[in-house]
Amino acid sequence: MHWRRVGDGAPPAAAAAVLDEAERARAGALATPALRDRFVAAHAFLRGVLGRALGVTPAEVALGARPCTVCGEPHGKPVLAGPGSGLAFNLAHAGDLVLVALALDGEVGVDVEEPAAAEGLETIAGDYLTAGERAAIATLAAADRAPARIAHWTRKEAWLKARGDGLNRSPATVELPIGVIDDGRERTVADGDRRWSVIDLVAPGAIGAVAAWPRPTVVRIVAAGPGDRSGDRTVKMQPWTSN
């Protein structure tokens, strides 16, 4: 896992220079300069992380996409194009925080949200929580319910992204274990013959989750470049227990 604050990266013009035409077109379609700059910074950071892993420059990283799980068109989960390296990746950003997750010979998804986003989730709980999940959250202490909702949102989105569904599949159609946010806590999700790990992440000003298959032995979270390193740490996975 690699993370960066948007302000720690290259200026927008320099960052945009490493993007491909499709990325620049997506950035240009965004509504405001702030959104465009965040998109550019996030995708330039992704290319930097992938370039270091592959031994190429950021601009040389060739990106593609799997077929969409709904329509079959080639705009599904982002992947490396060209000869297979066995490297999977996923990108998430919220506010000025960007996260990139890497996994070798497996699948990975990541999501991150700002805690303030919890304020609006109660009114749309039916859109992303099952009836059982809503009932489980209702049993928590009142102060724990809003953090539990946003933590659960990040778990679901990370898992759906890891599977390749993203939000093409309604989060309300899948049920994951409920619980309060707990940095480094692993929950397991059975999905056919796969058993996924979904791990809570807490960084200064952010709540997130990473989903991976097969199960990682260690999750390393490191900042890229200078600046705030308060989120750096290593999570060593414990033996599986039922949950």
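Restricting attention to segment 38-83, which residues are of a type outside the set (A, V, I, L, M, F, W, C), surrounded by 22 or more Cβ atoms within 10 Å (Cβ to Cβ) and touching a Pro at 6+ places or on another chain (Cβ under 8 Å)?
Those that are of a type outside the set (A, V, I, L, M, F, W, C), surrounded by 22 or more Cβ atoms within 10 Å (Cβ to Cβ) and touching a Pro at 6+ places or on another chain (Cβ under 8 Å): ARG47, GLY48.
For residues that are over 11 Å from VAL112 (Cβ atoms) and without any contact (Cβ under 8 Å) to a residue 24 or more places away in the chain, tally how many sit in segment 189-209.
5
Given the options VAL18, VAL40, name the one that is in contact with a Leu (Cβ under 8 Å, 6 or more places away or on another chain), modelled with pLDDT of 90 or more and not in a strand (DSSP E or B).
Exactly one residue qualifies, and that residue is VAL40.
Listed here are the residues, each with its yes/no results for (1) of a type outside the set (A, V, I, L, M, F, W, C); (2) in contact with a Leu (Cβ under 8 Å, 6 or more places away or on another chain); (3) surrounded by fewer than 23 Cβ atoms within 10 Å (Cβ to Cβ); (4) part of a strand (DSSP E or B).
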{"residue": "ALA143", "(1), (2), (3), (4)": "no, no, yes, no"}
{"residue": "ALA151", "(1), (2), (3), (4)": "no, no, no, no"}
{"residue": "TRP159", "(1), (2), (3), (4)": "no, yes, no, no"}
{"residue": "LEU176", "(1), (2), (3), (4)": "no, no, yes, no"}
{"residue": "VAL189", "(1), (2), (3), (4)": "no, yes, yes, yes"}
{"residue": "SER197", "(1), (2), (3), (4)": "yes, no, yes, yes"}
{"residue": "VAL202", "(1), (2), (3), (4)": "no, no, yes, yes"}
{"residue": "ILE207", "(1), (2), (3), (4)": "no, yes, no, yes"}
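Among the candidates LEU104, LEU46, which residue alone is closer than 20 Å to ILE221 by Cβ and free of Cβ contacts under 8 Å to residues at least 40 places away in the same chain?
LEU104
Against the condition of a type in the set (Val, Ile, Thr) and within 22 Å of VAL202 (Cα to Cα), how does VAL112 come out, does it pass?
Considered against the rule, which asks whether it is of a type in the set (Val, Ile, Thr) and within 22 Å of VAL202 (Cα to Cα), VAL112 comes out as yes.
Could you pull out the residue among ARG52, ARG26 that is over 18 Å from the mean Cα position of the chain (by Cα), outside any loop (DSSP other than H, G, I, E, B), more than 28 Å from ARG169 (Cα to Cα) and not β-branched (Val, Ile, Thr)?
Result: ARG52 is the single residue among ARG52, ARG26 that is over 18 Å from the mean Cα position of the chain (by Cα), outside any loop (DSSP other than H, G, I, E, B), more than 28 Å from ARG169 (Cα to Cα) and not β-branched (Val, Ile, Thr).
Which residues, counting only those in segment 62-102, are in a strand (DSSP E or B) and under 25 Å from GLY205 (Cβ atoms)?
Matches in segment 62-102: PHE89, ASN90, LEU91, ALA92, HIS93, ALA94, LEU97, VAL98, LEU99, VAL100, ALA101, LEU102.
Here is a yes/no grid of residues against (1) surrounded by 14 or more Cβ atoms within 10 Å (Cβ to Cβ); (2) touching a helix residue (DSSP H, G or I) at 6+ places or on another chain (Cβ under 6 Å); (3) in contact (Cβ under 8 Å) with a residue 12 or more places away in the chain; (4) closer than 19 Å to VAL112 by Cα:
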residue: TRP3; (1), (2), (3), (4): yes, no, yes, yes
residue: ALA16; (1), (2), (3), (4): yes, yes, yes, no
residue: GLU23; (1), (2), (3), (4): yes, yes, yes, no
residue: ALA27; (1), (2), (3), (4): yes, yes, yes, no
residue: ALA34; (1), (2), (3), (4): no, no, no, yes
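The values are calculated or read from the model by the stated rules, or taken from the named source; none is laboratory data. A quick note: this is a predicted structure, and the numbers were derived from the prediction, not measured. Cβ coordinates were reconstructed from backbone atoms using ideal geometry, including for glycine residues, and neighbour counts include every protein chain displayed.
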